[in-house]
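Notes for the one structure printed next.
The values are calculated or read from the model by the stated rules, or taken from the named source; none is laboratory data. In this text the structure is predicted, and so the values were computed from the model without any measurement. Don't worry about glycine lacking a Cβ; one is built from the backbone with ideal geometry, like all the others, and counts go over all protein chains shown.
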Amino acid sequence: MSLLDFARGPALEWAAVVFMVGMLWRIGGLTLMLRNKVLSKDRTPEPWKGGLRTMFTRFSPAPVFRRKVAFQYIAGWVWHLGFVLVVFFFQLHIQFFKGIVGFGWPALPNGMIVAMGAVSLAVLITLLIRRMLNPVLRMISSFDDYASTVITALPFATGLMAFAHIGLAYETMLALHFLSVALLLVWFPFSKLFHVFTVLPSRYALGVKFWRKGVKV
Amino acid sequence: MTEVVTKTELDEAFAMFYGMAASIKDLASPEPEMTEAERVGAAKGVFLKAIDAEMATQLDACVKCGACAQACQYSIGTNDPKYTPVRKLELLKRVYDRELSPLRWLKRLYTPDLTEADLRAHQELVYDACTMCGRCNLVCPSGINIADMVALNRSALAAAGLMPAELRFMQEGQEADGTIFGADEDLFLYRIQDLQERLGFEIPLDKEKADVLLVTSGLDIHLFRDATGGAIEALQHMGVDYTLRTDGYEGANFGLLSGHDGTKKKLTNHLVDVAIKTGVKVVIVPECGHSYPALRFYGAEAHGGAIPFEVMTVSEYFGRAVMEGRLKLEKDAERRVVALHDPCKVGRWGGVFEEPRAIIEAIGWELHETESNRAYNFCCGGGAGNFLIESADQLKRTGYRIKMNEIEQTGAKSIVVSCGSCRMNFEVGKVKAGDTIPVESLAALIAAHLPKDKGAKA
């Protein structure tokens, strides 16, 4: 079995299994935890409206904070968007998914995908350097924070290198790309990357909390 | 309006009260003797009891972006990364990771358990350096309720016998007497008699049944008597069936501020019981920020079920009366430019924003909003009992400066506020910074602009 066969075969398959089991375990664990009940009368009825509101309003900072946190919001937006578009709208990725789900969908032009991948990678590297240099981020960061950024950046780097035939032989780069994806899948459920599944419920909870008190945020 | 306190009287009372507040650290009982295991066990017990699915989800949602540091007055003012709000949740997160997280079997391998040293190191972060104002909650891209979790940290430290001496003094005093700063029943009655003489009418006291129960606080009894006097005068003017009660006059709750959950519940329950006994429809809590959430958003929780009365804060009650045309106020001869301070516990945590603004508009003053206003308002710098903590002195000044800079930028000639401890912080901050801008009680302003003839009542 070649490295490429191993990477796109057992490595990816087992990584997918670990990802699924890990995600189900963690989501299930959170869902099964008890919930405290609120007894006080709400100042505003239908608090779910506040929850939904905050889920969406928190995609951009409130005007009063914009000057101070614009960079991290925009940087976050750029690389998350780049990640989704590159993963799901690159022609070769769509073919890969078609092999799994049995159907495909329109792809974005390769040039656009490469540009978005490169920008996303640049943003992730910038965020990593910023985390190492910024005193606040350095103080609050753990191994998880650094490792998650690196592990998220690796598929971008290996994918771009494979596409552009940079570095090692194409097949080796492709194998490394698959392995980096496998690493991301294994890392995902056990790290802060799991926030993908908690961020919206978290915003919802805060929105409900404030709405109950008559505050729309 | 009848002047219930002259400026000289207020200045003298302020000096005396300031001296009294400055001495409470020396009067506090010694720190409870507990072993390390007892302290850690007590703190962890509080955390474990409180962490539910919602809090766990929020703890798992943090991406350590550091945005919260850009909302916190102490982080901004000191530029010290140790005050980054999310860092104040580190112990809670560790307990969650080790004991309750679905990944605890893994995280326990590399997450250190709590130690007494950890708890002691945390004291400054969750008492001195956080007023639980909640501004950080509003910048967090993940919507994490950091402030409430800091409150939980206070409860954990309180259970571990590690609350600051000043708050321990206040909590123990209120646990024993029900009131604060020694404002006992005799002093309360003295103040009522004093207000009665100055206002020229009999203040309804200890009525068996009434529609409205007006609550005051030790701070107002000692110092800000214009706030209580203003509320009384306005209620009298409106012809409301109200009463004050010698068995339920204290709105402050140092159980809530210190994190002592037993005292918090006892004090809130006491007010609930008095309100139910008196059959009131509304309890008006005083110009004392935290007294509002202590009853409004914790009353039912403490009581164990719905409570049969409304809870409103002074600015909310009279502001609504103005908005609904039930209370007419006279325009001031001067169109004074003022800034409004939204107390965190009443504004961001209570939704009372438009009511005080309606009052300012009704008296014809020109409100210039601070850049950060309403839900995004900066704390006065010393809320949540911090105004009493000696070791928080520099941080309080830092918070005050940020707040005052925004106020100065409005060009305001006065600050209007409806919270006694915010007012106290402003007054102390002014003295230390050499500022002179007057700080006005909203309740006193209402009373000052009541129509001369009672026919103006709706």
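So, A:Gly207, is that one within 12 Å of chain B (Cβ to nearest Cβ), in contact (Cβ under 8 Å) with a residue 60 or more places away in the chain and on the phi > 0 side of the Ramachandran plot or not? Can you show your working first?
On the way: within 12 Å of chain B (Cβ to nearest Cβ): yes; in contact (Cβ under 8 Å) with a residue 60 or more places away in the chain: yes; on the phi > 0 side of the Ramachandran plot: no.
No: the conditions fail for A:Gly207.
Inspect all residues belonging to segment A:3-18 and state whether any of them is within 14 Å of chain B (Cβ to nearest Cβ) and either buried (at least 16 other Cβ atoms within 10 Å of the Cβ) or acidic (Asp, Glu) (or both). Lay out the reasoning, then the answer.
If we filter segment A:3-18 for residues that are within 14 Å of chain B (Cβ to nearest Cβ), which is where we start, we get A:18.
Checking the rest, the ones that are also either buried (at least 16 other Cβ atoms within 10 Å of the Cβ) or acidic (Asp, Glu) (or both) come to A:18.
There is at least one residue in segment A:3-18 that is within 14 Å of chain B (Cβ to nearest Cβ) and either buried (at least 16 other Cβ atoms within 10 Å of the Cβ) or acidic (Asp, Glu) (or both).
Got a sec? Which of B:Glu301, B:Glu334, B:Glu330 is out of contact with any Asp or Glu (no Cβ under 9 Å at 6 or more places or on another chain) and not in a loop (DSSP other than H, G, I, E, B)? Working first, answer last.
Numbers: B:Glu334 fails: not in a loop (DSSP other than H, G, I, E, B); B:Glu330 fails: not in a loop (DSSP other than H, G, I, E, B).
After applying the criteria, what remains is B:Glu301.
Let's see how each residue does on (1) within 9 Å of chain B (Cβ to nearest Cβ); (2) hydroxyl-bearing (Ser, Thr, Tyr); (3) farther than 24 Å from A:Leu127 by Cα:
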| residue | (1), (2), (3) |
| --- | --- |
| A:Val150 | no, no, no |
| A:Ala153 | no, no, no |
| A:Leu168 | no, no, yes |
| A:Val181 | no, no, no |
| A:Thr198 | yes, yes, no |
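Residue under question is B:Ser155, and the condition is that it be part of a helix (DSSP H, G or I) and small (Gly, Ala, Ser); does it hold?
Considered against the rule, which asks whether it is part of a helix (DSSP H, G or I) and small (Gly, Ala, Ser), B:Ser155 comes out as yes.
Just checking, which of B:Leu267, B:Leu257, B:Leu223, B:Leu214 is under 21 Å from the mean Cα position of the chain (by Cα), surrounded by 23 or more Cβ atoms within 10 Å (Cβ to Cβ), at pLDDT below 95 and more than 14 Å from chain A (Cβ to nearest Cβ)?
B:Leu223
Filter segment B:102-124 for residues that are buried (at least 17 other Cβ atoms within 10 Å of the Cβ) and outside any helix (DSSP H, G or I) and give the result.
B:Pro102, B:Leu103, B:Thr111, B:Leu114
Test A:Arg138 against the criterion of being surrounded by fewer than 16 Cβ atoms within 10 Å (Cβ to Cβ) and modelled with pLDDT of 95 or more, and give yes or no.
Yes; evaluated as a whole, the condition is true for this residue.
Are any of the residues in segment A:35-46 in a helix (DSSP H, G or I), facing chain B (nearest Cβ under 9 Å) and surrounded by fewer than 15 Cβ atoms within 10 Å (Cβ to Cβ)? Don't jump to the end; show me each part of the working.
First pass over segment A:35-46, keeping only residues in a helix (DSSP H, G or I): none.
Within segment A:35-46, not a single residue is in a helix (DSSP H, G or I), facing chain B (nearest Cβ under 9 Å) and surrounded by fewer than 15 Cβ atoms within 10 Å (Cβ to Cβ).
Would you check which residues across segment B:37-71 are touching a Gly at 6+ places or on another chain (Cβ under 9 Å) and either of a type outside the set (A, V, I, L, M) or assigned to a helix (DSSP H, G or I) (or both) and list them?
B:Glu38, B:Arg39, B:Ala42, B:Val46, B:Ala56, B:Gln58, B:Cys65, listed by residue number.
Out of B:Leu395, B:Leu442, I need the residue that is farther than 12 Å from B:His341 by Cα and in contact (Cβ under 8 Å) with a residue 12 or more places away in the chain. Which one?
Result: B:Leu395 is the single residue among B:Leu395, B:Leu442 that is farther than 12 Å from B:His341 by Cα and in contact (Cβ under 8 Å) with a residue 12 or more places away in the chain.
Quick one: in segment B:350-383, which of the residues that are of a type in the set (Asp, Glu) and surrounded by fewer than 23 Cβ atoms within 10 Å (Cβ to Cβ) is nearest to the other protein chains (Cβ to nearest Cβ)?
Restricting to residues being of a type in the set (Asp, Glu) and surrounded by fewer than 23 Cβ atoms within 10 Å (Cβ to Cβ), the top hit is B:Glu371.
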